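Reviewing the structure listed below.
The values are calculated or read from the model by the stated rules, or taken from the named source; none is laboratory data. The model shown is predicted, which means the values in this text are computed figures rather than measured ones. Because the Cβ atoms are built from the backbone with ideal geometry, glycine has one as well, and the counts that use them run over all protein chains shown. Each accessible area value is taken on the protein alone, full model and side chains, heavy atoms only, with ligands, DNA and RNA left out. Shrake-Rupley method; radii C 1.70, N 1.55, O 1.52, S 1.80 Å.
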Amino acid sequence: MTDIAIPAKGTRLPDLDLVDARGESHPLSNVIAGRSAVVFFMRSHTCPVCHSHIRELERLAERGALADAVAIVVTPGGASEAAAVARRTSLPVLASGAQHSSIGLGRFLFLQHSGTFVLDPTGHVISARTSALPTSSFSSREVRAALA
């Protein structure tokens, strides 16, 4: 069992070492590159609810509702999982390996948690929404409010 310790509002999100679809390593701070960010952590690369959240993030970005923030998708697993998700979205997709648990998104009672973090340009958490149920791990209203 993994403890659920979500980074609190105002704290810095850990600088996870992520991999892209080619297997190349990217620290999260390099991906964000001094911009505000919406980082969506998927439950699994095949989760249909998570894919619907990604489509909503794409719509928000297309409408300019994310302002200058970059939207980033992070799936558990490695390069093959990142590639599978990247084929279905225009957003940057990376994989965390097993690092979801390092930000409180591990497995608890056999359920992989997912979540959305809105970060300021310095990587500090403005908003965090996490859940064991993927339907509750994303709110476009909360994302827009956090970026306003």
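Laid out as a table, the results:
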read-out	value
Selected residue (criterion: farthest from HIS53 (Cα to Cα)) from residues of region 80-92 that are open to solvent by less than 30 Å² (accessible area, probe 1.4 Å) and in contact with an Asp or Glu (Cβ under 9 Å, 6 or more places away or on another chain)	ALA83
Within region 93-136, tally of residues that are open to solvent by less than 60 Å² (accessible area, probe 1.4 Å), closer than 18 Å to ARG55 by Cβ and over 10 Å from the mean Cα position of the chain (by Cα)	2
Residue list for region 78-95, filter: assigned to a loop (DSSP other than H, G, I, E, B) and farther than 11 Å from HIS45 by Cβ	THR89, SER90, LEU91, PRO92
Among residues of region 11-24, those that are open to solvent by 70 Å² or more (accessible area, probe 1.4 Å) and assigned to a strand (DSSP E or B), counted	2
Pairs, first within 19 Å of ASN30 (Cβ to Cβ) in region 85-101, second part of a loop (DSSP other than H, G, I, E, B) and open to solvent by 40 Å² or more (accessible area, probe 1.4 Å), C-beta under 7 Å, six or more apart	ALA86/ALA21; VAL93/ALA21
Residue list for region 25-62, filter: crowded, with 22+ Cβ neighbours inside 10 Å and either on the phi > 0 side of the Ramachandran plot or assigned to a strand (DSSP E or B) (or both)	ALA37, VAL38, VAL39, PHE40, PHE41
Failed criterion for VAL73 (all others in (1) within 21 Å of ILE126 (Cα to Cα); (2) surrounded by 15 or more Cβ atoms within 10 Å (Cβ to Cβ); (3) in contact (Cβ under 8 Å) with a residue 40 or more places away in the chain hold)	(3)
Residue pairs meeting the criteria (Cβ under 8 Å; at least 6 apart or on separate chains; first on the phi > 0 side of the Ramachandran plot and in contact (Cβ under 8 Å) with a residue 12 or more places away in the chain, in region 119-148; second surrounded by 14 or more Cβ atoms within 10 Å (Cβ to Cβ) and of a type in the set (Val, Ile, Thr))	GLY123/ILE32
Subset of region 103-144 [part of a strand (DSSP E or B) and farther than 15 Å from CYS47 by Cβ]	PHE108, PHE117, VAL118, LEU119, HIS124, VAL125, ILE126, SER127, ALA128, ARG129
Odd one out for ALA5, checked against (1) open to solvent by less than 40 Å² (accessible area, probe 1.4 Å); (2) in contact (Cβ under 8 Å) with a residue 60 or more places away in the chain; (3) not charged (D, E, K, R)	(1)
